[in-house]
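Have a look at the structure below, then the notes.
The values are calculated or read from the model by the stated rules, or taken from the named source; none is laboratory data. Everything numeric in this text was worked out from a predicted model, so none of it was measured. Here Cβ is always computed from backbone atoms with ideal geometry, including for glycine, and neighbour counts include all displayed protein chains.
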Amino acid sequence: QRLGGTATGPTVWSEFGRLAAEYSQSNNNFSNLGQGFPDWLPPEFAVQSLVSAALDTTSSSPHQYTRTAGHPNLVKQLAKRYSKHLDRQVDPMAEVAVTVGASQALYLCLQTLVRPGDEVILFEPFFDLYVNQIKLAGGIPVYVPLTFVPFNNNGRDGGDSGGRWILESNKLRDKISSTKTRAIILNSPHNPTGKVFTHSEMLDIAQIVTEVAGPQCVVLSDEVYKYIVHSPPIEVDSNTGKNDQEKTALQEGGGDSSINGSISSSSNTKRTTSSCPGHVHFASLPNMWERTLTISSAGKTFSATGWQVGWCIGPAHLISPIHQLLPYVQFCASTVIQEALARTLPRADEAYEGYASYYEYLNEKYRRKRDLLSKALQDVGFAVPDYDATPGWGGFFIFAQITEEVRRALPSHRLQMPHCANPAAPGGRARLDWALCQWMVEELGVLCIPSSPFFSKDRALEGASDEFIRVAFCKTDETIERAALSLRKLA
Ligand code: PMP
Ligand code: GLN
């Protein structure tokens, strides 16, 4: 009942999961660039950790229940790592909670914070799970749109290629209520756009939380892609945290070639935090520890989305209600997987495949795959960010804009076919993003995710949310190259 009305229909994941199952059977050329899971094995050291954990027959057998708030070996590892990231001593027993994936961490955070009628701020577009989790807690989602800097002929004429998503802090300020805002969900690196929020944007959020929001307001910082920052943001003045160039770019409508001219994806950029390159932990900002719950999981980092171990880290007064709720949700997350992760984490810091650490290897791998896929999309007419020219990208999705050129390739009758899982299409017409994705999987054998599920209903009704498709590059080179060949039929 809390979800209300149409919110209980099939999700984009069930619908496109069904299409993936169907077309992987019927089409030998099928390429799944949809749901965000890598189609390769986790690194050998992670698999070995799992095997050794499973074969461990000492008294601390990992095959039975463990501590509800988190397996001791894992919470100790996590506390040690976050103590470094956040530059403070994190208490493994009181300030860490282990959950079934980041999804359950989010659920528990929202259930313990939100009371009916409380408002929760979301930056739009957003990972679709948030909306219904807020509603399940009785909360009201309040949307703050990120500003899209339009593509400028995809950079083909030189200058600013556009395609970035920017937080205008006054839009956040306007939506914050000193009495009603209970939480702000921040997701950086961001699903679906790939945006990495700049240090300056994060400082703006922190300032607004301090100045405008009431003391009850907590930031839920979803950092599941924190080890995938393939184009680090611009370094900022560490005293002021401000990056004036960015502000100028925004005031001038995004066109500041001086930023773009001076930044390349890996050079000229001082990495912000040594223990997690290119990523800013929101809880590490001044005065933010006390009002931040940091959420993450192992799935993206170790190419093991099925492991489903997640966690939240925060001050004891915010973690304690989660510890109290956990045993009523389930006794504990899988012990053997927690033990495997505890054994995996120290190994990931060591040299790997010629790189200083596994994390460096991972970023390089994703940078290459991103370039392979973005070129393939650009070649057939999609507008994609110019990753070399603009800083601040992470995660493993490209949010590609559907240009007039691509739209012309879509047979017009496809837009007359509204889809059952897409009930909110204005005026009974089919949404462009859904129609295109459906046609692409049927005719080209390439599955991508439509953009409208990542926007609010109001934005969808304005027709402003169906201009993009989300394309995953956490796929083998073989899959991406096969998709690139199939996509050529579009051109
Ligand atoms: N947050 C974001 C932004 C995501 O993309 C996902 C999808 N994996 C999750 C949370 C959920 O992560 P998990 O699989 O660990 O529950
Ligand atoms: N986070 C993944 C994605 O965005 C998985 C989504 C899901 O399973 N709900 O593709």
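Only one of the numbered conditions (1) within 16 Å of ligand 1 (Cβ to nearest atom); (2) on the phi < 0 side of the Ramachandran plot is not met by residue 52, and that is (1). Filtered by the rule that a residue be in a loop (DSSP other than H, G, I, E, B), more than 16 Å from ligand 1 (Cβ to nearest atom) and either basic (Lys, Arg) or surrounded by 24 or more Cβ atoms within 10 Å (Cβ to Cβ) (or both), segment 70-94 gives 71, 88. Residues of segment 21-44 being in a helix (DSSP H, G or I) and more than 18 Å from residue 487 (Cβ to Cβ), which ones? Within segment 21-44, 21, 22, 25, 26, 44 meet the criteria.
Scanning segment 111-139 for residues that are in a helix (DSSP H, G or I), of a type in the set (A, V, I, L, M), within 16 Å of ligand 2 (Cβ to nearest atom) and in contact with a strand residue (DSSP E or B) (Cβ under 9 Å, 6 or more places away or on another chain) yields a count of 2. Here the condition is being away from ligand 2 (no atom under 16 Å from the Cβ), modelled with pLDDT of 95 or more and over 30 Å from residue 177 (Cα atoms); of 33, 50, 86, it holds for 50 alone. Considering segment 286-300, and only residues there that are assigned to a loop (DSSP other than H, G, I, E, B) and more than 13 Å from ligand 2 (Cβ to nearest atom), the residue that is surrounded by the most Cβ atoms within 10 Å (Cβ to Cβ) turns out to be 298. In the condition set (1) more than 13 Å from ligand 1 (Cβ to nearest atom); (2) touching a residue at least 40 places away in the same chain (Cβ under 8 Å), residue 171 is compliant with all but (2). The residues listed here are 354, 310; of these, the one that is touching a residue at least 60 places away in the same chain (Cβ under 8 Å) and either of a type outside the set (A, V, I, L, M, F, W, C) or within 16 Å of ligand 1 (Cβ to nearest atom) (or both) is 310.
From the list 32, 28, exactly one residue is surrounded by 15 or more Cβ atoms within 10 Å (Cβ to Cβ), in the same structural domain as residue 456 (by TED's automatic domain parsing) and polar (S, T, N, Q). Which is it? Residue meeting the stated conditions: 32. Total residues in segment 433-486 satisfying the condition of being among the aromatic types (Phe, Trp, Tyr), in a helix (DSSP H, G or I) and buried (at least 21 other Cβ atoms within 10 Å of the Cβ): the figure is 2. Those helices (runs of 4 or more DSSP H) of segment 155-266 in which 1 or more residues are at pLDDT below 85 and surrounded by fewer than 21 Cβ atoms within 10 Å (Cβ to Cβ) occupy 244-251, 257-262.
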